[in-house]
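**Q** Here it is, the structure, as structure tokens.
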Amino acid sequence: MHKLLLLFAVMALTLTACSSEPETKQVTLLAEDIVWSSDLIEAEAGQMIELTITNSGALDHDFVIEELGLDVLLTPGQSETVTFVVDEAGSYEYICNIPGHQDAGMVGNLVISGSD
Ligand SMILES: [Cu+2]
């Protein structure tokens, strides 16, 4: 259900994007036990972000950016790609919201720079 809502949100954002938008930013992220393979993802405001997350660990991991409504639960070995656009520059924290994982270090930042 979350995914469906996200798709609609992405479509709405895409339709309103202007024609001079930057090309899609492709990012791969591994969920390991018990850390993200990268604690920094950078993109531009208005840029399409295609994020592929793979769980390479032995535990479930749940990629969450609360401010953006992103929530991707991955069982071991599972891989998912989410596509989204962030219109506002800023820093958006991503965590694993499986109990204890954020505290153990599964935290990073999606940093969106202004497009002027
Ligand atoms: Cu986790």
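The values are calculated or read from the model by the stated rules, or taken from the named source; none is laboratory data. Since the structure is predicted, the reported quantities are computational estimates derived from the model, not experimental observations. Ideal geometry is used to build each Cβ from the backbone, glycine not excepted, and the neighbour counts take in all protein chains shown.
**Q** So, in the range 91-116, of the ones that are over 17 Å from the mean Cα position of the chain (by Cα) and without any contact (Cβ under 8 Å) to a residue 60 or more places away in the chain, which residue ends up surrounded by the fewest Cβ atoms within 10 Å (Cβ to Cβ)?
**A** By that ranking, first place goes to D116.
**Q** Tell me, yes or no, whether the range 96-115 has at least one residue that is among the acidic types (D, E) and either touching a helix residue (DSSP H, G or I) at 6+ places or on another chain (Cβ under 7 Å) or closer than 17 Å to L30 by Cβ (or both).
**A** Filtering the range 96-115 down to residues among the acidic types (D, E) leaves 103.
When the remaining residues are screened for being either touching a helix residue (DSSP H, G or I) at 6+ places or on another chain (Cβ under 7 Å) or closer than 17 Å to L30 by Cβ (or both), the result is none.
Scanning the range 96-115 turns up no residue that is among the acidic types (D, E) and either touching a helix residue (DSSP H, G or I) at 6+ places or on another chain (Cβ under 7 Å) or closer than 17 Å to L30 by Cβ (or both).
**Q** Now a separate question. Working only within the range 78-94, note down all residues that are away from the ligand (no atom under 14 Å from the Cβ) and in a loop (DSSP other than H, G, I, E, B).
**A** Listed by number, the residues that qualify are V86, D87, E88, A89.
**Q** Condition first: more than 11 Å from the ligand (Cβ to nearest atom) and at pLDDT 95 or above. Now tell me which residues in the range 95-116 satisfy that.
**A** Of all residues in the range 95-116, those more than 11 Å from the ligand (Cβ to nearest atom) come to 108-116.
Residues satisfying the conditions are G108, N109, L110, V111, I112, S113.
**Q** Quickly run through the range 54-76 and pick out the residues that are within 14 Å of the ligand (Cβ to nearest atom) and part of a loop (DSSP other than H, G, I, E, B).
**A** S56, G57, A58, L59, D60, T75, P76
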